[in-house]
Every structure is written in structure tokens, then in C-alpha cells.
Amino acid sequence: MTDETIGKAGDGTKTAPRIEVLLVGMNGDLRGKMIPLSAEDKVWKNTVRLPSSTQSLDIWGDDNDDITGISLTLGDPDGICTPDKNSLTTLPWGPKGSKQVMATMHTLSGEPHYVCPRAILAKVLQHYAERGLTPVVATELEFYVVEPDFRTTGKPTPPMALVMNGEVEGFQLYDMRATAALEDFLDTVRRYCDDMGLPADATTAEFGPGQFEVNLLHKPDAMAAADDCIYLKRVVDFAARRHGLKATCMAKPYGDQAGSGLHVHASILDRDGNNILDAKGGDPVRLKSVTAGMLKTMQEAQLIFAPFANSYRRFQPGSFAPDKIDWGFGHRGTAVRIPDSNGPAARIEHRVAGADANPHLLLAAILGGMLLGLDETLDPGPVTRPDSAPENPEILTHDFLTAVDRFLASTFIRDTFGADYQRIYGQTKRKEAITYLRTVSSFDYQTYLPRI
């Protein structure tokens with residue numbers, strides 16, 4: 001498909017431009033309404049409605065009313081999709097003039113709905129505003145590009161552009177041959193980002209075949225940073241379709257290849273625009289304290305960082321996906337890395353989350369943990385160095401159900417996300433974990449059936 005065919009219906013006639021009103025679901029999925037651009041005023045008059053349960057659907061699209069109690073129990077009532085003008089941007093794969101905008105779900109009485117991830121993040125950001133502080137955030141998104149025949153073959157395969165004589169060529173990390181092999185796709189990603197005003201910076205080839213990372217620049221607006229990350233996921237999805245490929249943010253699509261992460265960089269500005277994490281050549285007390293806040297809450301929040309059964313395949317010892325609750329200066333093997341401790345660039349890098357994490361919930365969890373280290377001075381414990389590591393560190397769980405239990409029992413999660421959302425999210429994920437455990441895989445049959 002070429003750009004000339006974008007915006008044309010199946011019969012070859014041009015389709016009308018539109019505005020897409022988008023809601024972020026529990027799983028980072030986007031749902032919403034497509035409205036003719038000629039009726040755009042409906043969007044800004046707050047007359048666009050969808051059921052409140054839209055944002056509590058599980059990975060299969062079920063509303064789980066027995067868990068949530070906000071669907072048929074209440075008659076599946078509408079909520080108001082309140083658009084955020086700051087997120088208004090173009091729709092480069094749509095008909096010329098088309099737009100898209102993120103919305104926050106509100107109740108019919110006008111309150112932000114507790115089930116909306118954007119509303120949850122906004123509540124955390126309000127705590128910063130009350131202290132006269134502004135988080136500055138950037139994200140780094142990894143993803144794989146695969147052939148689109150996975151539904152037929154039952155497994156992903158690398159793009160044919162990377163294959164020579166039936167084998168994937170020996171591309172390596174940061175290998176410019178890999179970016180050249182998929183140059184057309186990456187050019188489309190870049191063009192879409194430019195058209196939408198997304199602050200896309202470097203693009204690199206990662207460890208896996210067809211795996212790439214796109215960095216988004218820092219923004220002194222965490223909500224916009226989360227929106228940008230969601231938009232970037234949408235960009236790579238539609239760019240891949242444009243070139244007959246499939247892009248996936250699945251955390252571990254290949255068992256023997258690197259998983260995909262979603263790293264977050266964060267610093268904090270005061271009212272005068274000064275970075276309060278700047279150690280100015282001394283002991284980075286505040287940096288270490290906010291690091292401690294994140295480490296203290298990491299086990300409880302792991303269900304946000306790793307929201308699916310597949311997510312837990314990524315936490316493997318000896319990989320760049322951390323499995324320990326540790327920190328270090330410039331150490332890419334730790335859960336929290338401090339790249340710089342001095343000057344305007346002083347910041348933390350949170351390296352735990354997979355690419356499958358919901359960016360809005362992810363930032364709520366990270367910034368919520370950092371708040372603990374702002375309100376009191378916390379000790380992150382011994383630092384991990386290249387030549388040494390603390391003995392017997394706490395570890396992240398490899399078990400989906402354990403993460404669910406920790407999430408549901410956490411006071412931090414209740415205070416950050418609200419008790420109702422804690423229950424809905426946690427119990428929905430419990431259902432998913434149990435379904436996963438009940439499913440007998442082909443591995444079971446191949447390994448156990450002939451031997452036991």
C-alpha cells in the first residue's frame with residue numbers, strides 16, 4: 001500500500017477526513033470513536049460518550065462485570081470522553097486533514113472516572129503540583145517487527161528483509177545494516193512522527209532480529225510524555241501495516257531472543273526551573289532518596305511494569321531486563337540506573353517495565369514511588385557496581401500470580417491508584433493469570449505426553 005492510497009475506501013473513492021477520539025484502556029489499548037471532521041465541534045462540546053466499562057476491558061475485550069461492577073450491574077452507563085487539546089495531532093495514515101486526540105473519561109456528573117488511566121496519572125501529577133514541582137519525563141520504547149503470517153504459522157518470524165538463504169543474517173546490536181534492511185519502514189515511522197510532532201530522537205537496532213528502539217525526548221509534562229508513548233506505539237503499528245509487516249510490543253515474542261522494554265527517564269523541576277535532583281558535585285542525596293522510593297514500591301507495582309503472563313518471561317538472570325531490586329550509577333544491569341547525578345541532566349532511569357506496559361499507569365507508579373523519596377529521605381541500600389554487587393538482594397518475581405497478590409495487598413497501590421482501581425485491575429489480572437495456568441500448551445504435549 002502506498003501513501004497515495006491512504007484515505008481511500010475499498011471501492012477507490014476518497015473517504016472524508018475524520019477526528020478520532022481515543023481512550024486509553026487498562027492494557028494500554030486505544031478505543032474510541034471516529035467522527036467526521038465536519039462534526040468536530042461535537043468533540044469540543046464534550047458530547048462524545050462511551051460506556052465507562054470501555055477502559056476496564058481485559059486483554060480479550062471482556063468487560064468482567066462480575067469483577068468490575070460497572071457494566072451490566074449498573075446498566076453499562078456512559079461516560080463523557082473529555083478531549084485534551086494538548087494531545088490533538090494529525091492522523092498521517094488517514095485521509096488528508098484527519099486528526100486524533102486523547103480523551104479522559106469523566107462521569108456524567110463531570111468528575112474524572114477512577115477507571116481512566118489518564119485520570120490516575122493526573123492525580124499523581126497533582127501531588128507534584130501541590131509541592132511546586134514538575135516531573136520531566138522521557139521514554140525509550142523497544143519493539144519487534146515481524147512477518148504478518150503469525151496467525152497462520154502460530155509463531156512470529158523475522159521480516160524477510162533480514163533473511164538470506166533461509167537464515168536470519170547475523171545482525172548485531174546497533175548494527176546499521178539492520179536499520180538499512182528495514183529503512184523504508186523506519187522512514188515511514190520517522191515521517192509519521194514528524195507529521196504528528198512527536199519528539200522522536202534516536203532510532204537504533206536492538207539485540208533481536210527485527211527489534212528496534214525509538215527514543216522520545218524529555219518533556220516537562222508527564223501526561224504528554226505518556227500520550228506520546230501511546231502515539232508512538234500507534235505509529236509503529238500503522239507504519240508496519242503500510243509495509244506489509246506487523247509491529248509488536250509483546251514483551252517476549254521469542255524465547256531465545258531479547259525481550260522488549262519500556263525505559264523511563266525522569267527528573268524533577270522546582271518553580272524556578274531548577275532540577276532538584278542535581279547533586280552539584282556532592283552526594284546525590286535526593287537522587288538516592290527518590291531511587292529508594294521506587295525500589296521500596298517495586299515489588300508491589302510489578303504488575304504495572306509486567307501486566308501479562310508473557311511479561312514474566314522477560315525477567316531472566318544475565319539479561320538486560322533486571323530481575324533484582326537494585327540500583328547503580330550508569331549500570332545498565334540494574335533496575336534503577338542513575339545516568340547523571342550533576343547538572344540539568346541529573347535523573348533516574350527506570351529499567352524494569354516491558355514494552356507491553358501501559359505508559360500512563362507506568363508513569364503513575366514510577367512518579368508515585370519517587371514522591372515517597374521526596375517527602376522523606378530514604379536510603380536505597382548498597383550500590384551495585386560493575387565489580388561488585390550487594391549480597392542477597394531482593395528479587396522481582398517471575399510469577400504472574402505472585403505479582404497479582406502483591407499488587408492487591410499494597411497500601412502504596414491503593415493510595416496511588418485508588419482502592420477501586422486496585423481491585424478491578426488486580427482481580428482482572430488474576431483472572432488472566434488463572435486462565436494462563438489452565439491452558440495446556442504445545443510444550444506440555446511435546447515434553448510430557450510421550451514420556452510420562
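The values are calculated or read from the model by the stated rules, or taken from the named source; none is laboratory data. Keep in mind the model is a prediction, meaning the values are calculated, not measured. Counting neighbours? That spans all protein chains shown, and the Cβs are built from the backbone with ideal geometry, glycine included. For the accessible areas, the whole protein counts, side chains as well, though only heavy atoms, and no ligand, DNA or RNA atoms are used. Shrake-Rupley method; radii C 1.70, N 1.55, O 1.52, S 1.80 Å.
Amide H to amide H distances under 5 Å link residue 168 with no residue, where only residues 5 or more positions off or on other chains count and H is placed in the peptide plane. Ranked by the mean number of other Cβ atoms within 10 Å of their residues, highest first, the peptides 43-53, 329-339, 230-240 fall in the order 230-240, 329-339, 43-53. Other residues with beta-carbon under 13 Å from the beta-carbon of residue 305 carry, at +1 per Lys or Arg and -1 per Asp or Glu, a net charge of +1. The HN-Hα couplings worked out from phi for region 75-86 by the Karplus form 6.51 cos²θ - 1.76 cosθ + 1.60 (θ = phi - 60°) are x, 6, x, 6, x, 9, 8, 8, x, 9, 4, 5 Hz, whole numbers, x standing for Gly and Pro.
Of the labelled options [x] -0.67, -1.08; [y] -0.60, -1.11; [z] -0.90, -1.23, which one gives log10 I(q)/I(0) by the Debye sum over Cα atoms at q = 0.09, 0.12 Å⁻¹ as computed for this structure? Given [x] -0.67, -1.08; [y] -0.60, -1.11; [z] -0.90, -1.23, the structure-derived one carries the label [y].
The heavy atoms of residue 114 present about 80 square angstrom of accessible area, all protein chains included, probe 1.4 Å. In the context of the full set of protein chains, residues of the chain present 45 Å² of accessible surface per residue (probe radius 1.4 Å, heavy atoms only). Highest mean packing comes first when the peptides 142-153, 17-28 are listed by Cβ atoms within 10 Å, giving 17-28, 142-153. Restricting attention to the chain, close to 90% of DSSP beta bridges with both partner residues there are antiparallel.
Over region 213-253, with every protein chain in place, what whole percent of the accessible area is carbon and sulfur at 1.4 Å, could you tell me? Here it works out to 55 percent.
Element breakdown for region 342-422 at a 1.4 angstrom probe: carbon and sulfur atoms account for 47% of the accessible area. Among the listed pairs 246/288; 85/280; 252/288; 33/429; 246/324; 45/429, those whose Cα-Cα separation exceeds 29 Å are 246/288; 85/280; 252/288; 246/324; 45/429. Applying a DSSP loop filter and a limit of 10 other Cβ atoms within 10 Å to the GluC sites (Glu not before Pro) in region 369-421 leaves 376, 391. Each Lys and Arg adds +1 at its Cβ and each Asp and Glu adds -1 at its Cβ; summed about the Cα centre, the chain shows a dipole of about 520 debye. Over the chain, dividing the summed -39,500 (n - 2.57) contributions of all DSSP H runs of at least 4 residues by the number of residues returns a 222 nm mean residue ellipticity of -10000 deg cm²/dmol. Net charge near residue 395, counting Lys/Arg +1 and Asp/Glu -1 over other residues with Cβ under 10 Å of its Cβ? Spelling it out: positives minus negatives among the neighbours equals -2.
Farthest toward the positive end of the dipole of the chain, out of 53, 87, 199, is the Cα of 53, where the dipole comes from beta carbon charges about the Cα centre.
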